[in-house]
Structures are given as C-alpha cells and as structure tokens.
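Inspection log for the structure reproduced underneath, given as structure tokens.
The values are calculated or read from the model by the stated rules, or taken from the named source; none is laboratory data. What you are looking at is a predicted structure, and each value in this text was computed from that prediction instead of being measured. Quick reminder, even Gly has a Cβ in these numbers, built from the backbone with ideal geometry, and neighbours come from all protein chains shown. Surface accessibility is based on the protein's heavy atoms, side chains included, excluding ligands, DNA and RNA. Shrake-Rupley method; radii C 1.70, N 1.55, O 1.52, S 1.80 Å.
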Amino acid sequence: MKNRVVAFIGDSLGREQFQSLMCMLTGGNDEAQVEDVSESYGLVKPPGAKRAEGTAQRFTETNTTILFYWSVTLCELQPLDPSNRSAGFAMHLDKPATFLQKYLKGVHFLVLNTGQHWNAEKLASNKWVMYADNKPITTEHEFLKDMDAARNFTLHKIMSWLNNQKQENATKAHVFLRSISPIHFHGGQWNSGGRCDNASDPSKINMTGRAKVDPVMESVVSVAKAQVLNITYISQFRDEAHISKYMPRQQIGQDCLHCCFPGVLDVWNEFFYAMIVWSAMKENTP
C-alpha cells in the first residue's frame, strides 16, 4: 500500500468503515505518524456547517492516504438556486459526485456504497429533486420515481462512467461496491418503537433462502468492472452489535443501523484487505 490512496465514498456507514480502518491501521495509537491532508482534497468545513464533507489522512512512513467523502447517493448535487441554498438541490442521477470526478485520477482503491438514503422521506427532507438529462424527472423517466429503480439507474450510470475512465486510461483504480448494510429493528421502525437492545448474542436465525447480497448492487456489478464487497449476509447475524439505545444525545428511537466499535466494521475491512491482496496476486500472475 506504499504510495497508494484508498477512498471511501458513501454515507455514514461508509464513514464508519473508514473510521474502523483508521483504528485498525493505527492500532489505536494516538501518536501514530498520521498527517491530516484533508485540505489537499478540498475537505474543509464550510461556514455554518456542522462538519466538513469528509477527511483525508496520510500515513507519513508509507505515504498511504486513507480518505472519506460523504455522498449518500454517489450522484452530483447542485443548488437549484446558488443564491439561496434553502431552495433545494438538483440530484443528477446520471452524473457522479463532483468530488469523484475531480479526484478519481489519484485514487488506487475506491470503495463506493449507497443504500439507506434512497427513500422518498429522505429526499423530501433534504430538498433533493431528482434530475436526469439535466432536467427534472418527468413522464419520460417515470420509472425513476421508484427508489430502487432510481438507485439502480444511478449506479449503472456511475459504473459506466468509471468504465469509460478506465478505457481512456484516466484511472487505474480498483473499484469495489459495498453491498447494503442490514437494519435490525424489532417491533417497529426507528420512529415507531423499533428497538435492537433485546439481544446480547449474535443471531442464530436460519438465513437459508434469504438474499445473500444486495440485489441492486448485484445487478450493477454483473455488467460493470467492479468487485462486490459483500457484507450484507454476514452482517445479518449481528443484530446485537448496533449502537441501539446507547447513542449519545439520543432523541427519537434507537439506532439499529450503525454499529459499535470494534466489531462488525472491522470484519468488513478484513474482507476488503483480503480482496486487495487477491487483486494484487491476480495482477502479478503471469
């Protein structure tokens, strides 16, 4: 991994995987030789924002950079009115996030994830309006009003763009699509009494016959030059690993989506590391 850049682009679970990897690589040592290079990637906190859109950390001894960029749908967002950001945003389903377009060339390992934010409530609360072909979704793209179809459409467009970048030698990045992380609400949803604090051991339920991977992700990878980082099936068993009722500043409901450290996210990264090693061996095989 010397002189390499690893980029996680996705939602808060992508951020958690980034955080897990940083903990694993530093061994929890606060004195580790790591330099914050976020500014080099334009990852600075905008005025009035709660946080920057991501972070980039470089291990100085090996010149290995690990970065995260927050893009929950992976597609480009543009203000509908640049002078009034409260007016909402155009969510261009057929264009990759601007950050990805700008910094792809320097990335060696790219991990993409998107899933939980693809619902009508999230889009409405964020004031995101779905666009395709530079115009709002109309009867021409009626099928995109279905969230799974819209996500599928977006991932195909992004992967097509990435394939073109590879063909044009604009990038040599190894691309990984991480499958969706399961939610473990019991007795309701996050806002209707759902909880996950009633388990203390990994689930022993029979998963036979259940989907072993994210179907949307699987359909995309079947036509794209990418690898699936399949964490869905194995994570189904860890309903006791969530933050649950122990999240700080808890307001409504329990957090049965994000996971505690250490644990589940570390296993995701062990899978990721094994796939990196496998890719390197494959490249070096005559």
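Would you mind checking the pairs Lys105/Lys166; Lys95/Lys122; Lys45/Lys127 and listing those with alpha carbons more than 18 angstrom apart?
Going by Cα-Cα distance, Lys95/Lys122; Lys45/Lys127 fall outside the 18 Å limit.
Tell me the label-point distance for the pair Arg4, Arg85, using the 7 Å Cα-to-Cβ offset, in nm and rounded to one decimal.
Between Arg4 and Arg85, the simple spin-label model gives 3.5 nm.
Take the alpha-carbon centre of the stretch 222-286, take the same for the stretch 10-42, and report the distance between them in whole Å.
Distance between centres, Cα-based: 16 Å.
Roughly speaking, to the nearest percent, how much of the stretch 1-111's 1.4 Å accessible area is carbon and sulfur?
Carbon with sulfur: 48 percent of the solvent-accessible area.
Looking at the chain, what % of its DSSP beta bridges pair antiparallel, to the nearest 5?
50
For the stretch 108-115, what does the Karplus curve 6.51 cos²θ - 1.76 cosθ + 1.60, with θ = phi - 60°, yield as ³J(HN,Hα) per residue in whole Hz, taken in order and with x for Gly and Pro?
9, 10, 10, 10, 10, 8, 7, x
Leaving ligands, DNA and RNA out of it, report the carbon-plus-sulfur percent of the accessible area of the stretch 239-280 at a 1.4 Å probe.
Values: 1470 of 2300 Å².
In the stretch 239-280, the share of accessible area belonging to carbon and sulfur is 64 percent.
Below 10 angstrom from the Cβ of Val216, what's the summed charge of the other residues (Lys, Arg +1; Asp, Glu -1)?
-2
With a 1.4 Å probe and all protein chains kept in place, how do Tyr233, Tyr69 rank by accessible area, largest first?
Result of the area sort, largest leading: Tyr233, Tyr69.
Write down the accessible area per residue of the chain in Å², having rolled a 1.4 Å probe over the full set of protein chains.
54
Would the stretch 135-202 count as rounded, prolate or oblate if I go by the C-alpha gyration tensor, calling it rounded below 1.5 in a/c and otherwise prolate when a/b exceeds b/c, oblate otherwise?
Verdict is oblate for the stretch 135-202.
Obtain the nm distance between the two label points defined at Trp161 and Trp278 by a simple spin-label model: each point lies 7 Å from its Cα along the Cα-to-C-beta direction.
2.8
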